[in-house]
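Worksheet for the structure shown next.
Every read-out reported here was derived from the displayed coordinates using simple, explicitly stated rules and does not represent laboratory data. For clarity, every value in this text was computed on a predicted model and none was experimentally measured. Here the Cβ is made from the backbone with ideal geometry for all residues, glycine too, and neighbour counts use every protein chain on show.
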Amino acid sequence: MSFHYNNLRLGTAVSTFDDQFAKAVLEGLSKNPKRLPSWLIYDNRGSEIFTEITQLPGYHPAQCEIEIFHNYKQTITDLLANDNFRLIELGAGDGMKTHILLQHFIQSQLTFEYMPIDISEGAIKDLVDFLESRYAKGTMSVAGLAADYFEGLRTLSSQSDKRNIVFFLGSTIGNMELPLAAKFVRELRELLNEGDYVMIGFDLMKHPKTLYAAYNDSKMVFERFNLHLLSILNVRLGANFSKEHFVQQGHYNPSTHAVESYIFSTQKQVVTIDALRKEFSFEQWEAMQTEHSYKYTQLEIESLAEASGYRIVKHLFDSQHYFVDSIWEVKK
Ligand SMILES: C[S@@+](CC[C@H](N)C(=O)[O-])C[C@H]1O[C@@H](n2cnc3c(N)ncnc32)[C@H](O)[C@@H]1O
């Protein structure tokens, strides 16, 4: 079985990515209030800190999804057992939750290709190396792609007539506002074939205090994660943010139905960003939003699926009904 990875972000794609990155920062810092999109945080180090978040006992989205995979690994295996299939994972990160399923598929002698896609090259390389060290003699081939979701998917979608199952886990879909999530699943469907599956992890609305606890850990890992964005801006765009002059806090906002993380400037200050040839001023305690994590109801998930051309196959809940991995089938 083969194990390899490609970086689609090499060559011309790198400058495209750099342009997109700079444009997103300029737009975000020019807004009032300032707001930067969540995807900017995921360089190699950002992915590593996110892995630390998934290991926090109070971060229920990861703990619930692990429970779901342990409880339903046979259900997911049964769904795929009759096919030679391709498992494409969007934003795979360290892939450790998916690993629970991969291990079970291999033990069940399913033959399949696993294709993790992530914008972080370090995450993809580490994941492919890890899987090769464990499963070189199994029934799984692995082809990782360091790429943007759809750039990666477009490359893969023309390559095979096998059934695809696309994973989009960890409530990453929650980083998008509802209309963007709808656009995302519609575009995803366009690239898939009739009968393909998707499995999407949604964090469900629950007691706001539970949400607060999940995003404000005592070890300050969330703070480190969000403030890491400032280091990225310093390195990529020649900014001069001093992390010690910012603090972080997250809370559930009932108007947007999302947990929003903010970085607060602890003093009045001006930051220069060389690559943008601009200065940005911050008032004391001015808040800049750095994360958005939408909390879904079951009804919203079902409407999203049905309005976007999918048939709902199954909802897999954890025991507290905090989280759901929802499996949908593409209708054409
Ligand atoms: C919230 S983390 C989830 C990681 C993992 N799926 C999990 O459940 O633990 C989001 C992941 O998506 C990746 N990502 C973010 N934006 C992306 C994009 N536009 N294209 C590809 N990957 C992206 C990040 O690097 C990160 O690994």
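When Rg and the Kirkwood Rh are both derived from Cα coordinates, the Rg/Rh ratio for the range 109-227 amounts to 1.02. Count Lys and Arg as plus one, Asp and Glu as minus one, and take only other residues whose Cβ is under 11 Å from that of residue 106; the net charge is then +2. Angle of helix 44-54 to the longest C-alpha principal axis of the chain, folded into 0 to 90 degrees and rounded to 10: 70°. Evaluating 6.51 cos²θ - 1.76 cosθ + 1.60 at θ = phi - 60° for every residue in the range 160-174, the Karplus couplings come out as 7, 10, 6, 5, 9, 10, 9, 9, 9, 9, x, 6, 4, 4, x Hz, glycine and proline recorded as x.
Close amide H contacts of residue 292 (hydrogens built in the peptide plane, cut-off under 5 Å, sequence separation of 5 or more or a different chain): 38, 261.
Residue exposure proxy: 285, 39, ordered by other Cβ atoms within 10 angstrom of their Cβ from fewest to most, comes out as 285, 39. Between residue 190 and residue 297, the distance separating the two model label sites (each 7 Å from Cα on the Cα→Cβ line) works out to 3.0 nm. Computed over the range 258-332, the quotient of the alpha carbon radius of gyration and 2.2 N^0.38 Å is 1.82. Helix 121-135 and the long axis of the chain differ in direction by around 30°, with both axes built from C-alpha atoms. Considering only the other residues whose Cβ falls under 12 Å of the Cβ of residue 94, what net charge follows from Lys and Arg at +1 and Asp and Glu at -1? Neighbourhood net charge equals -4.
Close amide-amide hydrogen proximity is noted between residue 205 and 296, 297, each under 5 Å apart and 5 or more residues distant or on a separate chain (H modeled in the peptide plane; Pro and chain starts excluded).
Ordering 176, 220 by the number of other Cβ atoms within 10 Å of each residue's own Cβ, fewest first, gives 220, 176. Quarter the surface of the alpha carbon convex hull of the chain and you get the mean projected area, 16.4 square nanometres.
Between 0 and 90 degrees, the angle of helix 298-307 with respect to the longest Cα principal axis of the chain falls at about 70 degrees. Of the residues 304, 153, 180, the one that moves most in a GNM of the chain with alpha-carbon contacts below 10 Å is 180.
Taking every alpha-carbon pair in the range 38-111 and binning the separations at 10 Å intervals from zero gives 17, 44, 28, 12 percent.
Of the GluC sites (Glu not before Pro) found in the range 173-205, those in coil by DSSP whose Cβ has at most 15 other Cβ atoms within 10 Å are 177, 194. Could you give me D for the range 1-71, from Stokes-Einstein at 4 °C and 1.567 mPa s, where the hydrodynamic radius is the Kirkwood radius over C-alpha pairs? Units µm² s⁻¹, please. Result for D is 84 µm²/s. Among 99, 228, 321, a tally of other beta-carbon atoms within 10 Å of each Cβ gives an order, fewest to most, of 321, 99, 228.
Shown here are the Rg and Dmax of the Cα trace of the range 171-250, at 17.7, 52 Å. Rg/Rh for the range 194-332 to two decimals, with Rh computed the Kirkwood way over all alpha-carbon pairs. The Rg/Rh ratio comes out at 1.11. Any idea what diffusion coefficient the range 38-196 gets from Stokes-Einstein, in µm²/s, Kirkwood Rh on alpha carbon pairs, 37 °C, 0.692 mPa s? Estimated via Stokes-Einstein, D reaches 202 µm²/s. Diffusion coefficient of the range 156-218 by Stokes-Einstein, Kirkwood radius over Cα pairs, 37 °C, 0.692 mPa s: 236 µm²/s. Computed over the chain, the per-residue total of -39500 (n - 2.57) for DSSP H runs of n ≥ 4 gives a 222 nm mean residue ellipticity of -13000 deg cm²/dmol, rounded to 500. Rounded to two decimals, the Cα radius of gyration of the range 1-132 over 2.2 N^0.38 Å is 1.25.
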